[in-house]
1. What list of ³J(HN,Hα) couplings, whole Hz, do you get for region 29-38 from phi and the Karplus terms 6.51, -1.76, 1.60, once you set θ to phi - 60° and write x for glycine and proline?
2. Which far-off residues, 5 or more places away or on another chain, put their amide H under 5 Å from the one on S27, with H placed in the peptide plane?
3. FRET efficiency for L60 and T33, Cβ-Cβ distance as r, R0 = 22 Å, nearest 0.05?
4. Explain nothing, just compute: Karplus ³J(HN,Hα) = 6.51 cos²θ - 1.76 cosθ + 1.60, θ = phi - 60°, for every residue of region 63-74 in order, whole Hz, x for Gly and Pro.
5. Enumerate the amide H contacts of V89 below 5 Å, restricted to partners 5 or more residues apart or on another chain; note that Pro and chain-start residues carry no placed amide H.
6. Tell me, what ³J(HN,Hα) does each residue in region 84-93 have, in order and in whole Hz, if you take phi through Karplus 6.51 cos²θ - 1.76 cosθ + 1.60 with θ = phi - 60° and put x for Gly and Pro?
7. Would you mind computing, in nm to one decimal, how far apart the modelled labels at E26 and K94 are, each placed 7 Å from Cα along Cα→Cβ?
8. Roughly how many Å² is the accessible area per residue of region 38-95, as a whole number, for a 1.4 Å probe?
Amino acid sequence: MTTASDAGGGHIAAAGVGMPSSPGGESIRGIVTAVIDRTRSAADVVADRVDRCQKAHGRLNALIQQRFAVAAEEARRVDDWPCGPLAGVPVSVKECFPVR
């Protein structure tokens with residue numbers, strides 16, 4: 001798990017019709033808006049998702065290479081300076097290739 005960011009900067013596009021929701025019911029747009037508006041921290045979002053992943057891991061064994069500590073550090077950096085249109089949105093990547 002990591003946080004999505006873009007070094008180019010910017011904000012979420014207004015044309016994002018049908019933005020997907022996370023398993024917790026919070027939309028990507030909602031997460032990004034809350035992080036940009038500072039009503040929720042990226043670190044808080046990541047902590048919530050880490051908690052969900054850890055609770056489900058026993059049943060699913062879904063995240064083999066867990067990057068929770070790195071994701072938390074990345075989220076703290078996003079809280080200091082939101083750096084892209086998806087800054088603060090947690091992302092999991094299926095390991096078809098090495099990920100660091």
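1. Computed from phi, the couplings for region 29-38 are 4, x, 5, 4, 4, 5, 5, 5, 6, 6 Hz.
2. Amide H to amide H, under 5 Å and 5 or more residues apart or across chains, S27 pairs with S22.
3. According to the calculation, E is roughly 0.15.
4. Each residue's phi maps through the Karplus curve to give 10, 6, 9, 7, 10, 4, 5, 5, 4, 5, 5, 4 Hz.
5. Excluding prolines and chain starts, which carry no amide H, the hits are A4.
6. Going residue by residue, I get x, x, 10, 4, x, 8, x, 9, 10, 10 Hz, with x marking Gly and Pro.
7. 2.5
8. Values: 3660 Å² over 58 residues.
Ligands and nucleic acids excluded, the figure is 63 Å² per residue.
The values are calculated or read from the model by the stated rules, or taken from the named source; none is laboratory data. All of these numbers come straight from a predicted model, not from anything done at the bench. We place every Cβ from the backbone using ideal geometry, glycine too, and count neighbours over all the protein chains shown. Quick note on the areas: whole protein, heavy atoms, side chains included, nothing else; ligands and nucleic acids left out. Shrake-Rupley method; radii C 1.70, N 1.55, O 1.52, S 1.80 Å.
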